[in-house]
Amino acid sequence: MSKRFTFVTIALSTVVAFLVGLIIAGEFTPTSIVATAPRGLTRNGEAIRPAGISIGPAVVNFADVVERMNAAVVNIDSMSKGSYTHDLPRFFRRGEGPPESPRDFDLPRQGAGSGFIIDRQGYILTNHHVIDGAQRITVTLADGRTFRAQVAGTDPAIDVALLKIAGGSDLPEAPLGNSDELRVGEWVCAIGNPLGYVHSVTVGVVSFIGRKLFDPSLDDYIQTDAAINFGNSGGPLINTRGEVIGINSAISSRASNIGFAVPINQAVDILTQLKSTGHVSRGYMGVFLTDVTPALQRSLSLSTTRGALVQDVTNGSPAERAGLHTYDVILDVEGRDVGTNEELIRDISARRPGTTARLGVLRDTRRLTLHVKLAERPLREDTEREALDNGARPRIPDPASADVPLGLTVRDMVGRLEVPASVHGVIVSRVDPTGAAFSASIRHGFVIMEINRLPIRSLADYQRVVRAAKPGDALALYCYDPTLQQRTLITVAVE
């Protein structure tokens, strides 16, 4: 036997002996992975807790979050003698719809929702639509105790209500988080009483932040795919730290995994007013705004890249009295720069009605200073308005013009139209779904009043301006939207 063979034999024997020793000692046994633990299972005398959602090194265990939060979530039952005041949009549902027939108005109306206790004084946050019109409100706690609740204040504009119960000092309370710190993709859970199944828990992620549903000027909804159903309204949307970051408020009627919550910061901002006066007063100018985008800057030859562009000024409003015009760009308020229209809306809404706001305005190439005395923000009408193409469309004879660059067919405004007398232009009778205008959200029934600030009074005006546009040009169409009864600026790129 050669020395080389003897050396290899000894080396292999040593390795085998080492591996056998590891197996006997248990050091080389694969570790078992437990995703969930059966109820009551223990290890070393301690209960095994269910595993959470693992994201890298972090583990989100909503069982712990729910265990801490559940006691502060309440069930809310409302009763009225027959008047039903809910009139909700069909696409987004907040609760049960209106009665099927007029005779139902004579019957008692009962509704159910959720809420959560925010302090030991007995204040509870929920949705306005949960208790709207209620004459008797009963709150049931997680431990079974029931209380009659009084409405401390409501804010229909953002669908928030504050209730008060007299329950002593032993009430549980839900910690409030900071919804401004939320990120898309963050894990959240919802607790509520959907369809009477009390204290149901669902889990999902933040799908979008800042969604507009009902009032574009105030809405800032958190969209989530955590399941929200009838009865969840008013319940908390909770982050992984066990803090309330939203009030569950609405769902899409066309999907089962699209829900919306009012950001908790919006509710916190108005708590003082709700407690002291029972309602919320917001400053109001009476303008419809949009951001300064690169397309608007180019099409309107604006000399600024920021600010809030005025699309429409309400007749008789503080803005009209102060001299604000369409196409004005509001650059600052009291010397503080305005980056977007939402920044301006938040600033003005936070001011008291009757106070005066100093605005820095860009009009064409001139800088102006205007002083606006703010009024009380009116409540937005809840009723849906009929669009021109929903049954009240007038007969409009030819001629019509179909353009290739924008994909629009337009007609002169003749015959009876349900638009204000001050609206003049051409009416859109067809939108090519493959054209540029369709992607820009121009729809049947819109009235095009101006293009790049050039008045459009007839079909000939429209044809002249559109035909002069070159491929790649951005056109700013100043339109009247009959559905919203509002003027709006829409940019379309010429193809």
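Solvent-accessible surface (1.4 Å probe) assigned to TYR221 amounts to roughly 10 Å². Rounded to the nearest Hz, the phi-derived 3J(HN,Hα) couplings of the range 423-435 under the Karplus curve 6.51 cos²θ - 1.76 cosθ + 1.60 (θ = phi - 60°) are 8, 10, x, 10, 9, 7, 9, 7, 10, 5, x, 9, x, where x marks glycine and proline. Full extension of the chain between VAL184 and VAL268 yields a length gain of 28.1 nm, computed as 0.36 nm times the residue separation minus the alpha carbon distance.
Find the relative contact order for the range 202-290 and round it to a whole percent, using C-alpha pairs within less than 8 Å whose residues are 6+ positions apart. Intermediate values should be presented prior to the final figure.
Working: 140 pairs, mean separation 18.9, N = 89.
Computed over the range 202-290, the figure is 21 percent.
At full extension, VAL205 and ARG457 could sit 85.8 nm farther apart than now, given 0.36 nm per residue minus the alpha carbon distance. Which distance in nm do the two modelled labels at ARG241 and GLU320 give, with both placed 7 Å along the Cα-to-Cβ direction? Here the modelled spin labels are 4.7 nm apart.
Let's test the formula: R0 of 25 Å, r as the Cβ-Cβ distance of ARG254 and GLN485. What FRET efficiency results, to the nearest 0.05?
Values: r = 25 Å, r/R0 = 0.99.
It comes out at approximately 0.50.
Need the full-extension length gain, ARG346 to VAL414, defined as separation in residues times 0.36 nm minus the C-alpha distance. One decimal, nm. Intermediate results must be reported in sequence, preceding the final value.
Numbers: separation 68, 0.36 × 68 = 24.48 nm, distance 4.07 nm.
That pair, ARG346 and VAL414, stretches by 20.4 nm at full extension.
Using R0 = 45 Å, the C-beta based FRET efficiency linking PHE438 and THR365 works out to 0.85.
Take the range 284-357, drop everything but the C-alpha atoms, weight them equally and run the Debye formula without solvent; then report log10 I(q)/I(0) at 0.12, 0.18, 0.19, 0.26 Å⁻¹ to two decimals. For the range 284-357, the Cα-only Debye profile gives -0.31, -0.68, -0.76, -1.30. Distance from the C-alpha centroid of the range 427-458 to that of the range 205-283: 34 Å, rounded to the whole angstrom.
Can you work out the FRET efficiency for the pair ASP170 and ASP337, with r the C-beta to C-beta distance and R0 = 51 Å, to the nearest 0.05? That gives a FRET efficiency of 0.55. Spin-label model, GLU67 to THR277: label points 7 Å out along the Cα-to-beta-carbon direction sit 4.5 nm apart. Projecting label points 7 angstrom from Cα along Cα→Cβ for THR293 and SER422 puts them 2.5 nm apart.
The values are calculated or read from the model by the stated rules, or taken from the named source; none is laboratory data. Being a predicted model, the structure only gives us computed values, none of them experimental. Cβ: placed from backbone, ideal geometry, glycine included. Neighbour counts: every protein chain shown. Accessible surface is based on the protein model in full, side chains and every heavy atom, while ligands, DNA and RNA are left aside. Shrake-Rupley method; radii C 1.70, N 1.55, O 1.52, S 1.80 Å.
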